[in-house]
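Computed from the coordinates by the stated procedures, all read-outs in this text should not be read as laboratory data. Values in this document were obtained by computation on a predicted structure and should not be read as measured data. Cβ placement follows ideal geometry from the backbone for every residue including glycine, while neighbour counts extend to all protein chains displayed.
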Amino acid sequence: PFKENTVIVVFGASGDLARKKTFPALFGLFREGYLSDTTRIIGYARTKMTVEEFHSRIKEHFDIRDGSQDLVGRFLDMCTYESAQYDQPEGYKKLTVGIEEFEASRCVDRPHRLFYLALPPAVFIPVAERVRKYCHPGKNGVARLIVEKPFGRDLATARELQEKLAPLWKEDELFRIDHYLGKEMVKNLIPLRFANSFLHACWNNQYISSIQIEFKEPFGTEGRGGYFDNIGIIRDVIQNHLLQVLTLLAMERPISGDAESIRNEKVHLLRAIKPLNKENVLVGQYARSEDGKKPGYLDDKTVQPGSKCITYAALTLEICNERWESVPVILRAGKALNEGKVEIRVQFKETKNGIFSHVSRNELVIRVQPNEAMYMKMNTKIPGVSNRMVVSDLDLTYSQRYNKFYIPQAYESLIRDALNDNHSNFVRDDELDISWSLFTPLLEYLEGPDGPDPVPYPYGSRGPPQLNDYLAKNGYVYQG
Ligand code: BG6
């Protein structure tokens with residue numbers, strides 16, 4: 001069941017994020033029947049444009065499926081647009097007049113308003129402040145604020161942001177998006193972990209030898225260099241997305257399925273991670289492709305000449321608790337690689353016994369994207385008269401097993417959660433604080449005068465040539 005007469009305001013409605021993610025996700029929810037047509041969606045941005053121009057802009061990225069063409073018009077009828085400034089009260093006041101008129105026309109006695117900030121960091125606090133002041137319905141209704149990364153660029157800036165935000169918006173009114181938490185296979189981690197007793201029994205250092213979480217993208221910064229150059233792959237992907245995935249993969253069982261119990265366990269896990277070993281990090285920057293067709297990072301006109309920005313990093317964490325002590329956790333991420341893939345790889349210890357001279361290790365692979373899948377590498381006898389063994393996959397590939405199901409976009413799942421006031425898949429303030437505490441010393445070292453020069457790797461390759469040695473040194477056994 002969905003809420004009726006909800007008002008959703010998207011700030012930054014003319015920007016890329018809103019166009020490519022937020023509005024397509026709202027349309028996806030509507031198409032799938034998860035958003036009532038009594039919802040009022042208001043785009044708010046500085047750009048002057050007519051409602052028609054706004055509509056044609058936001059529908060560019062809609063996923064229009066068979067039979068859903070007529071839903072586009074119905075959805076667009078729910079969407080209006082306001083052009084106003086971010087730093088002056090007038091726009092917000094006018095916005096609230098419009099919202100109140102809408103609510104009055106529908107006889108809403110308890111307003112439900114969702115404010116989505118698809119905005120650059122510089123205007124984030126000014127907007128949050130003014131929305132609180134001019135658009136919050138007060139005790140008579142419900143207001144929620146959805147915010148997007150970056151949440152600071154280190155511990156100090158993240159805390160500063162939090163100190164400004166906390167007096168305005170209570171933690172339970174806030175939804176901090178890490179869109180990886182909305183991905184189907186990431187949402188599947190809790191069921192996988194806590195609803196399967198066979199896995200539960202071996203999910204520890206007695207059986208597991210290493211964990212890897214890997215993020216690969218087949219393209220470089222391509223025009224986004226100006227943004228990326230200040231950020232680097234660790235802040236962009238590892239400190240948030242990959243660390244969040246790890247918390248769900250490795251946390252203890254929450255005492256119940258509610259958001260606070262889950263987030264408490266994520267925090268416990270984060271607290272158990274040892275300070276990162278700065279010496280044990282492999283960093284790289286992509287160079288021109290071997291065939292010369294793809295540019296190197298430094299060829300991007302939007303980056304600083306001679307920039308040492310890291311576009312590839314592999315690092316190893318240690319979790320200091322009874323379950324995970326001595327199991328290395330390798331997080332690695334890179335741009336401009338040979339493929340686009342996000343995968344979790346849990347490698348089990350070798351089985352030693354007197355029957356076989358050699359058996360391969362079991363490995364559980366959870367492919368987050370593309371082509372969602374989960375498979376376990378198993379040793380089995382080759383069928384037939386021979387007794388030889390082979391490694392086969394116990395394979396759950398979603399496109400085969402669940403081909404009739406619609407797998408939502410991460411943003412669809414998350415906006416739906418926010419509409420239902422479910423905070424499980426959003427980052428709490430303490431999670432954010434600990435994750436920055438972990439990564440800030442490493443970033444300071446890497447970006448400081450003693451930091452290593454990133455190793456060049458060709459665009460389209462697997463990453464820095466030292467990668468295999470790095471993985472072997474840190475406990476991953478390559479099995480061919
Ligand atoms: C974003 C990063 O958070 O995640 C991007 O800023 C990256 O640089 C993106 O490309 C990856 O998301 P996805 O959903 O495409 O894996």
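So the values come out like this:
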quantity	calculated
For Leu282, Leu438, order by how many other beta-carbon atoms lie within 10 Å, fewest first	Leu438, Leu282
Stretchable slack from Asp430 to Ser83, in nm (0.36 nm times residue separation minus alpha-carbon distance)	121.4 nm
Paramagnetic label zone (point 7 Å from Cα along Cα-to-C-beta, Cys202; backbone N under 15 Å) in region 349-370	349-353, 359-366
Relative exposure of Tyr402, Tyr286, judged by other C-beta atoms within 10 Å (fewest first)	Tyr402, Tyr286
Eligible aspartates and glutamates near Lys404 by straight Cα distance, threshold 19 Å, same-chain separation 8 or greater	Glu32, Asp63, Asp66, Glu184, Glu372, Asp395, Glu412
Segment Glu339-Glu171, extension gain: residue separation times 0.36 nm, minus the distance between their alpha carbons	56.6 nm
Whole-number percent relative contact order across region 253-356, with pairs defined as alpha carbons under 8 Å at least 6 apart	21
Cα-centred dipole magnitude for the chain, charges only on beta-carbon of K, R (+1) and D, E (-1), debye, nearest 20	680
Farthest positive-ward along region 167-238 dipole, Cα basis, beta-carbon charges - from Val186, Gly225, Phe215	Val186
Percentage relative contact order, the chain, counting C-alpha pairs under 8 Å, at least six apart	17
Glu260 versus Arg401: modelled label distance in nm, points set 7 Å from Cα along the beta carbon direction	3.5
Most positive-pole-ward Cα, Pro126, Trp203, Leu114, against dipole of the chain from beta carbon charges	Trp203
Of Lys93/Lys170; Lys93/Lys133; Lys308/Lys341; Lys21/Lys183; Lys149/Lys308; Lys187/Lys349, those spanning more than 18 Å from alpha-carbon to alpha-carbon	Lys93/Lys170; Lys308/Lys341; Lys149/Lys308; Lys187/Lys349
Cα gyration tensor shape for region 52-171, rounded if a/c is under 1.5, else prolate or oblate	oblate
Taking region 300-359 and dividing mean pair separation by its residue count, relative contact order in percent (alpha carbons under 8 Å, at least six apart)	24
Angle in degrees between helix 155-165 and the longest Cα principal axis of the chain, rounded to the nearest 10	30
Sites Lys133 and Ser392 - FRET efficiency at Förster radius 35 Å, r taken between beta-carbons, to 0.05	0.05
Region 344-405 - charge dipole about Cα centre, Lys and Arg +1 at Cβ, Asp and Glu -1, debye rounded to 20	100
